[in-house]
Amino acid sequence: MSGFTQSSGIFVTTTCGSISYLSETIRRLLFNICITTSTSLQSSLDTLRPYLEPHLLNLKGMSRPVDDWIIDNILHPLEQRQLLTVPEVVEALCNDFDFYTSSPRFTTDWRWYKEIVGEDRQFNPTAVNAYYQSNINLIDYRYTFDLQSVAFGQDLEDSCAVTWHLMAEIQQGDSTKWQPFFEQLLEISKMVEKISPNTALSIAEASQYLQDGAPLDRELKDFPKWWGRGTQYLSLIRKSLH
């Protein structure tokens with residue numbers, strides 16, 4: 001798609017990474033607990049709606065009908081779909097594009113403007129490092145956190161990516177991946193508990209809820225309120241074509 005962008009034109013795309021999608025990754029597994037493959041679409045909706053509607057009601061500005069959200073995010077098969085992160089987009093396009101801006105905006109460039117000249121302007125490495133310093137903010141839309149180290153952001157990205165792959169394997173029928181999935185959630189919970197204790201509590205409650213078979217009559221305190229900042233929007237400027 002970026003090949004259609006003219007010289008100095010702006011290419012806009014969306015991303016959805018493992019951190020911002022972690023809460024949905026967990027919710028997707030309600031399908032494997034509550035639904036059989038032979039269940040009809042309507043029966044699946046009737047089964048999952050009581051679980052997920054209370055969660056969706058916690059989202060400010062939620063405008064999509066509940067059934068549509070369940071079909072798109074829980075019932076729709078993954079096939080070979082993968083997540084797409086901000087660094088993956090920047091790194092894939094770095095030879096032909098410079099990072100421009102994003103929503104949410106996570107970059108602040110304090111370099112003197114006279115230093116940003118020539119071919120090696122470092123917009124892309126600056127953006128990727130800024131992303132890793134602030135990607136903790138994608139995990140829970142309720143909070144805004146201080147900048148972290150690049151190494152922490154990379155570790156968090158990698159840990160959340162493991163949950164996505166384990167979830168995909170579970171959904172493809174590999175029941176041996178349940179325990180590694182729960183162990184990975186525990187690791188992520190420990191990673192973020194000092195920065196965001198309420199997020200850690202939400203992850204722990206969600207994990208225990210799935211381990212107990214997702215009983216519908218259980219009153220949940222933390223998990224239903226927890227959502228990530230699911231989608232990001234990036235714009236990149238095409239370098240001069242030679």
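Reported count of residues in the stretch 93-111, each being within 19 Å of Thr231 (Cα to Cα), in contact with a helix residue (DSSP H, G or I) (Cβ under 6 Å, 6 or more places away or on another chain) and in a strand (DSSP E or B), is 1.
For the stretch 156-166, filtered to residues that are closer than 14 Å to Gly228 by Cβ and hydrophobic (A, V, I, L, M, F, W, C), the residue that is surrounded by the most Cβ atoms within 10 Å (Cβ to Cβ) is Cys160. Does Ala200 qualify as being at pLDDT 95 or above, touching an Asp or Glu at 6+ places or on another chain (Cβ under 6 Å), in a helix (DSSP H, G or I) and under 30 Å from Ser103 (Cα atoms)? Answer is yes for this residue.
Does Tyr51 fit the bill of being surrounded by 16 or more Cβ atoms within 10 Å (Cβ to Cβ) and more than 19 Å from the chain's Cα centre (by Cα)? The answer is yes for Tyr51. Scoring Ser240 on the criteria (1) within 19 Å of the chain's Cα centre (by Cα); (2) within 30 Å of Ser102 (Cα to Cα); (3) surrounded by fewer than 17 Cβ atoms within 10 Å (Cβ to Cβ); (4) not basic (Lys, Arg) leaves a single failure, condition (1). All of (1) assigned to a helix (DSSP H, G or I); (2) at pLDDT 90 or above; (3) over 30 Å from Leu56 (Cβ atoms) hold for Leu147 with one exception: (1).
The sole residue among Val12, Val90 that is among the β-branched types (Val, Ile, Thr), part of a helix (DSSP H, G or I) and either surrounded by fewer than 17 Cβ atoms within 10 Å (Cβ to Cβ) or in contact with a Phe, Trp or Tyr (Cβ under 8 Å, 6 or more places away or on another chain) (or both) is Val90. Here Ser235 does not qualify as among the hydroxyl-bearing types (Ser, Thr, Tyr) and assigned to a loop (DSSP other than H, G, I, E, B). Regarding the stretch 214-225, can at least one residue be identified that is part of a helix (DSSP H, G or I), farther than 12 Å from Asp140 by Cβ and charged (D, E, K, R)? Checking the stretch 214-225: not a single residue is part of a helix (DSSP H, G or I), farther than 12 Å from Asp140 by Cβ and charged (D, E, K, R). Here Thr144 meets the list (1) touching a residue at least 12 places away in the same chain (Cβ under 8 Å); (2) polar (S, T, N, Q); (3) closer than 30 Å to Thr101 by Cα almost entirely, failing just condition (1).
To keep it simple, each residue is scored yes or no on (1) over 17 Å from Gln171 (Cβ atoms); (2) touching a Pro at 6+ places or on another chain (Cβ under 8 Å); (3) touching a residue at least 60 places away in the same chain (Cβ under 8 Å).
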position	(1), (2), (3)
Leu22	no, no, yes
Ile26	no, no, yes
Asp46	yes, no, no
His55	yes, yes, yes
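Of the listed requirements (1) surrounded by fewer than 18 Cβ atoms within 10 Å (Cβ to Cβ); (2) more than 14 Å from Arg28 (Cα to Cα), Ala200 misses just one: (1).
How many residues does the stretch 8-32 contain that are at pLDDT 90 or above and either out of contact with any helix residue (DSSP H, G or I) (no Cβ under 7 Å at 6 or more places or on another chain) or closer than 19 Å to Pro87 by Cα (or both)?
Residues in the stretch 8-32 being at pLDDT 90 or above and either out of contact with any helix residue (DSSP H, G or I) (no Cβ under 7 Å at 6 or more places or on another chain) or closer than 19 Å to Pro87 by Cα (or both): 15 in total.
The values are calculated or read from the model by the stated rules, or taken from the named source; none is laboratory data. Please read these numbers as outputs of a predicted model, since none were measured by experiment. Methodologically, a virtual Cβ is constructed for each residue, glycine included, from the backbone with ideal geometry; neighbour enumeration extends over all protein chains shown.
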